[in-house]
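What follows is a set of notes on a single structure, which appears directly below.
The values are calculated or read from the model by the stated rules, or taken from the named source; none is laboratory data. All of these numbers come straight from a predicted model, not from anything done at the bench. So basically every Cβ, Gly included, is an ideal-geometry build from the backbone, and we count neighbours across all protein chains shown. Heavy atoms of the whole protein, side chains included, go into the accessibility calculation; ligands, DNA and RNA do not. Shrake-Rupley method; radii C 1.70, N 1.55, O 1.52, S 1.80 Å.
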Amino acid sequence: MRWSAVVASASLVPALDGTSARAADDVRPVNLELVTVTETTAVLTWYTGIPGTDDGLGRMEPAPSDAEVVYGTHPSRLTSTAHGPSGTPYHYVELTDLEPGRTYYYKALSRGRAATPTFLAFGQSAGTPHGDVFAFTAPQPPPGRHLFSVALCNDLHLGETVAGLVGQLPWIEGIEQLPGHPPYPEVMAKALIADARARGAQYLLAAGDITSEAAPADLQSAKNILDTFGTLGSDYLVARGNHDRAHSGEPYASCTPGEHQGNDCFKDAFSTSDETYFTRDLNGLRVIGLDTYDKPGNGGDAGGLSPSQQAWFEAELKKDPDRPTLIFGHHPLFVENDPLAITGTRSLDAGQSLRILTAYNRAPGVFLHHAGHTHRNQRSVFPLAPRVVQQEIGAVKEYPGGFTLLRVHTGGYALNFYKTRSSEARAWSERSRQELAGQWPQLSLGNRHTDRNTVVPRDLSGLSPLR
């Protein structure tokens, strides 16, 4: 299939843009995605547009419609039904009361027409095809009792006005919010907080690029939004990204001088100690926040830890190597299956990453490394530290637009990615799907089901439930 045909067949348009308030007799349901699968639930999203139309971006104009999912445990007996809100082109349907370990078959419908899936060149977006239906299997829950849940997120980019300018490549065009609508980073960040709380998160970890370029007003806006989740330093923790680095110039003149260059407005807003890296205790879970741009630079190169941070980090792991430990920081250690890796800016310095993986292998308590920066869902396990999962998570601020919920049990943990679901968030998420000329889903959604949803057995019985 030619890329031009793929882009055209996957095209869409925002629900709230006002370009097409009319209802269409003929709708085309497209971009079907099986986003989330837990032991008892599944989340499906898709879009309805008017065939033969073009909103100027190569996408169908929106067609508000109904949303129905018929499903069951046999492909020819879809006896259960679930519905999403009607009157919108941006459909979000959640199936509930599923049985762990059971395979389900489903079909997503709008006006009786079956939704076609997002095309992924190297994966499946809607589950396993089975004739004219799709299938998925609900996993078993993590062993033991549930202790607490943590929302993992990254790349809020408060202050950004153009999305999709990837890798500083000059030929890539970005996408802007529609006139008259709230800035998309604020829309998506507010939806993050609402959904993280609604999904039961007691804590939130934000792994960098909280702002577009660390302007004081944007940092304050980000903090105001995150403060609606809880208290900085106890309910939520923030790590620095390359966009949050110290900056020079008049807008930053009032901030504390940075260690490397410029003035450090991020540290003024979000640091709870003298350093931008830290360790915290969450119900017995050791959480280590890394500053992966602790270096001089313009933010466009690979990440790096200062020598003092590297020494501190390795010493911290040695203090109690068996203690259950989660690390979060902006840059991944290494990236797999990433065409944009040719830019050389997608991960931490390779030498430092090797040292970190070696340290992880000597600290059996480390089980999860949460990273952002790539704006994609990707699960990786590296041979140097086979007990540790590196989980890259899609950006908050653009398609697929959401966060990952870490559910901690006494005998293991689950990671599930959720798209945010306010009406404005769903509209912007679908608009920003068109980044990279419509190819952005190929890189960001996650080609494998396990890039978005996993269950890992692990002895975490030493942790305490939330009181």
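Numbers at a glance
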{"quantity": "Loop-located GluC sites (Glu not before Pro) in region 98-192, at most 15 other Cβ atoms within 10 Å (DSSP)", "calculated": "Glu173"}
{"quantity": "Size of electric dipole in region 142-300: Cβ of Lys, Arg +1 and of Asp, Glu -1, about Cα centre, debye, nearest 20", "calculated": "660 debye"}
{"quantity": "Debye intensity ratio I(q)/I(0), log10, region 159-310, q values 0.20 Å⁻¹ (C-alpha model)", "calculated": "-1.38"}
{"quantity": "Column: log10 I(q)/I(0), Debye, Cα scatterers of region 343-445, q = 0.14, 0.20 Å⁻¹", "calculated": "-0.65, -1.05"}
{"quantity": "Region 298-354 - accessible surface per residue (Å², probe 1.4 Å)", "calculated": "41 Å²"}
{"quantity": "Largest to smallest principal axis extent of the C-alpha atoms in the chain, angstrom", "calculated": "63, 52, 40"}
{"quantity": "Within the accessible area of the chain (1.4 Å probe), percent carbon and sulfur", "calculated": "52 percent"}
{"quantity": "Size-normalised alpha-carbon gyration radius of region 308-348, reference 2.2 N^0.38 Å", "calculated": "1.54"}
{"quantity": "Cα-Cα over 27 Å, subset of Lys267/Lys419; Lys190/Lys318; Lys223/Lys397; Lys267/Lys397", "calculated": "Lys267/Lys419; Lys190/Lys318"}
{"quantity": "In region 177-256, trypsin sites (Lys or Arg not before Pro) in a DSSP loop with at most 16 other beta-carbon atoms within 10 Å", "calculated": "Arg199"}
{"quantity": "Translational diffusion coefficient (Stokes-Einstein; Kirkwood radius from C-alpha pairs) of region 257-362 at 4 °C, 1.567 mPa s, in µm²/s", "calculated": "87 µm²/s"}
{"quantity": "Cut-off 12 Å between beta-carbons: net charge of the residues surrounding Ala194, Lys and Arg +1, Asp and Glu -1", "calculated": "+2"}
{"quantity": "Within region 221-328: Cβ-based charge dipole about Cα centre, in debye rounded to nearest 20 (Lys, Arg +1; Asp, Glu -1)", "calculated": "180 debye"}
{"quantity": "Net charge dipole size for the chain [Lys, Arg +1 and Asp, Glu -1 on Cβ; Debye, nearest 20]", "calculated": "1420 debye"}
{"quantity": "Nearest-0.05 FRET efficiency for His260 and Asp281, computed from C-beta distance (R0 30 Å)", "calculated": "0.55"}
{"quantity": "Dipole-positive endmost among Leu32, Ala239, Thr343 within the chain (Cβ charges, Cα centre)", "calculated": "Leu32"}
{"quantity": "HN-Hα J in Hz across region 110-124 - Karplus 6.51, -1.76, 1.60, θ = phi - 60°, x for Gly and Pro", "calculated": "9, 6, x, 9, 6, 6, 8, x, 4, 6, 10, 5, 10, x, 10"}
{"quantity": "Degrees, to the nearest 10: 350-361 long Cα axis against longest axis of the chain", "calculated": "90 degrees"}
{"quantity": "Cleavage-rule hits (trypsin sites (Lys or Arg not before Pro)) in region 329-395: DSSP loop, at most 16 neighbouring Cβ within 10 angstrom", "calculated": "Arg362, Arg387"}
